[in-house]
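What follows is one structure encoded as structure tokens, with my remarks underneath.
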Amino acid sequence: MQHLGFPLHTIIIFIIFVVAALFVDLVGHKNDKIMSLKSASLWSIFWVLVSVVFGVFLYYEHGGEMAKLFFAGYILEKSLSVDNLFVIMAIFTWFKIPQNYRHKVLYFGILGAIVFRLIFVAIGSGLFMLGSWMQIIFGLVVLYSAILMLKNNDSDDDEIEDYSNHLAYKFVYKYFSVFPKIVGHSFFINKNTVQSELNKNPNLNFLNKKTWLIATPLFLCLCVIEVSDVMFAFDSVPAVIAVSQEPLIIYSAMIFAILGLRAMYFVLEALKKYLVYLEKSVIVLLFFIGFKIIINALNAMFDLEFEISSTISLIAIFTILGLGVLASVFVGKNKIFLICNLL
């Protein structure tokens, strides 16, 4: 019996792969610990191997053609999603989320991405023609994030004690309760915890909507990351659909690529500490990504016959990051042996 173009056992094995991978990731990072460069690198290799194993399974079960389509979609999605890493870094900087809480936010961000990608694949690429105006707005938001990151470049590690003046907090607090302070790694807290925190910090500006559960700034950050992923899906999902019209191939390629991006983020985050000019190159990249999103959206709307392709985007990413690494090694305070000692 065929489901989504494949036998039922193939669907079940794919689900088992994803659920097992998410479980392993959750257990492997259940403690709020900062991920080292070595750990992030090993996890990146692990996710690539998991994807290869599933591709090999498709090869033996359904032939070389299906395996080729899977790997083509996987590589394309991975390439197109790299931009999202730098936007996520800017979002974390904007919210000043402590390093040890970022993995949990990204973990649940991946769960949301799995759901949204399923919806997008089910609807098909036709939906994305409606997204040009949204992409322009998002591109402007990315440019704004780059400006904020540039302004706060020297104080990224400072934590925000009171979020009541944060733009995201101001936007949502009129509609539901958000506590103006990060409380551990919790996305929501109850009124007893709120009272305990207010006793410790009586000057906090907190507007209670009399709800049982109160969101924290960590949840606001998660929501912004989900919006970011949805916006990038307008670019990546139609491209992967163009590679293959098999829903399972499309969806599995995207999910396995997304699973590995989180570890890639922490490789970048870890390198940033030791390569002093890498973060500045990330800011340059954010400006590039913001303009790329706007230009490609305008091209889709008005057929300008000019767009920044994924190939040009990847070349720009590697060039700008490469210059940041070289500047750190030859101009900055750090030497190349510091990186070697981390591995």
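Read-outs throughout are calculated quantities, based only on the coordinates presented, and are distinct from any laboratory measurement. Given the structure is predicted, the values throughout are model-derived calculations rather than measurements. For neighbour counting, all protein chains shown are included, and Cβ atoms are generated from backbone atoms with ideal geometry for every residue, glycine included.
So how far, in whole Å, is the C-alpha centre of the stretch 232-258 from the one of the stretch 68-95?
Result: 12 Å between the Cα centres.
Suppose R0 equals 22 Å; then what is the FRET efficiency for Val56 and Thr311 from their Cβ-Cβ distance, rounded to the nearest 0.05?
Values: r = 28 Å, r/R0 = 1.25.
Calculated value: 0.20.
For the stretch 171-306, take the convex hull of the Cα atoms, compute a quarter of its surface area, and give me that in nm², please.
Working: hull surface 52.1 nm².
Approximately 13.0 nm², given one-decimal rounding.
Using the Cα centre of the stretch 168-236 as origin and beta-carbon charges of +1 (Lys, Arg) and -1 (Asp, Glu), tell me which of Tyr173, Leu218, Phe234 is placed farthest towards the positive end of the dipole.
Of the options given, the answer is Tyr173.
Anything over 26 Å Cα to Cα? Flag those among Lys104/Lys292; Lys96/Lys200; Lys170/Lys191, in the order listed. Walk me through the numbers on the way to the answer.
Working: Lys104/Lys292 29 Å; Lys96/Lys200 21 Å; Lys170/Lys191 21 Å.
Those over the limit are Lys104/Lys292.
What helices does the chain have that are whole DSSP H segments, at least 27 Å long along their own axis by Cα, and with mean Kyte-Doolittle hydropathy of 0.5 or more?
Details: long enough: 8-28 (30 Å, 2.61); 37-62 (37 Å, 1.24); 64-95 (45 Å, 1.04); 102-123 (31 Å, 1.63); 132-151 (29 Å, 1.69); 217-243 (39 Å, 1.89); 247-274 (42 Å, 1.26); 278-302 (36 Å, 1.73); 310-330 (30 Å, 2.20).
Answer set is 8-28, 37-62, 64-95, 102-123, 132-151, 217-243, 247-274, 278-302, 310-330.
Could you tell me how many cubic angstrom of Cα convex hull volume the chain has per residue? Please list the in-between numbers first.
Working: hull volume 54.7 nm³, N = 343.
So the per-residue Cα hull volume is 160 Å³.
Quote to one decimal, in nm, the extra length available between Asn190 and Phe116 on full extension: 0.36 nm per residue of separation minus the C-alpha distance between them.
Numbers: separation 74, 0.36 × 74 = 26.64 nm, distance 2.82 nm.
Value of the extension gain: 23.8 nm.
Sort 287-295, 45-53 by packing, meaning the average of other beta carbons within 10 Å per residue, with the highest value first.
Numbers: 287-295: 20.4, 45-53: 15.8.
Final packing ranking: 287-295, 45-53.
Roughly speaking, what is the stretch gain from Met134 to Lys170, that is 0.36 nm per residue apart minus the C-alpha to C-alpha distance, in nm to one decimal? Walk me through the numbers before you get to the answer.
Working: separation 36, 0.36 × 36 = 12.96 nm, distance 2.15 nm.
Net length gain for the segment: 10.8 nm.
Run lengths n ≥ 4 of DSSP H only: what is the helix-derived mean residue ellipticity at 222 nm for the chain, with -39500 (n - 2.57) per run over all residues, to the nearest 500?
Numbers: 12 runs with 245 residues, N = 343.
Calculated from helices alone, the mean residue ellipticity at 222 nm is -24500 deg cm²/dmol.
When you count, for each residue, the other Cβ atoms within 10 Å and take the mean per peptide, how do 262-268, 37-43, 187-193 rank with the highest first? Write out the running numbers ahead of the final one.
On the way: 262-268: 21.1, 37-43: 17.3, 187-193: 15.0.
Averaged packing, sorted descending, gives the order 262-268, 37-43, 187-193.
Based on the mean of other beta carbon atoms within 10 Å per residue, what is the order of 302-308, 101-107, most packed first?
Values: 302-308: 10.4, 101-107: 21.0.
Per-residue Cβ counts within 10 Å, averaged per peptide and sorted highest first, yield 101-107, 302-308.
Magnitude of the Cβ-charge dipole of the chain, K/R +1 and D/E -1, about the Cα centre, nearest 20 debye?
Details: 24 positive and 23 negative charges, 197 e Å.
Rounded to the nearest 20 debye, it is 940 debye.
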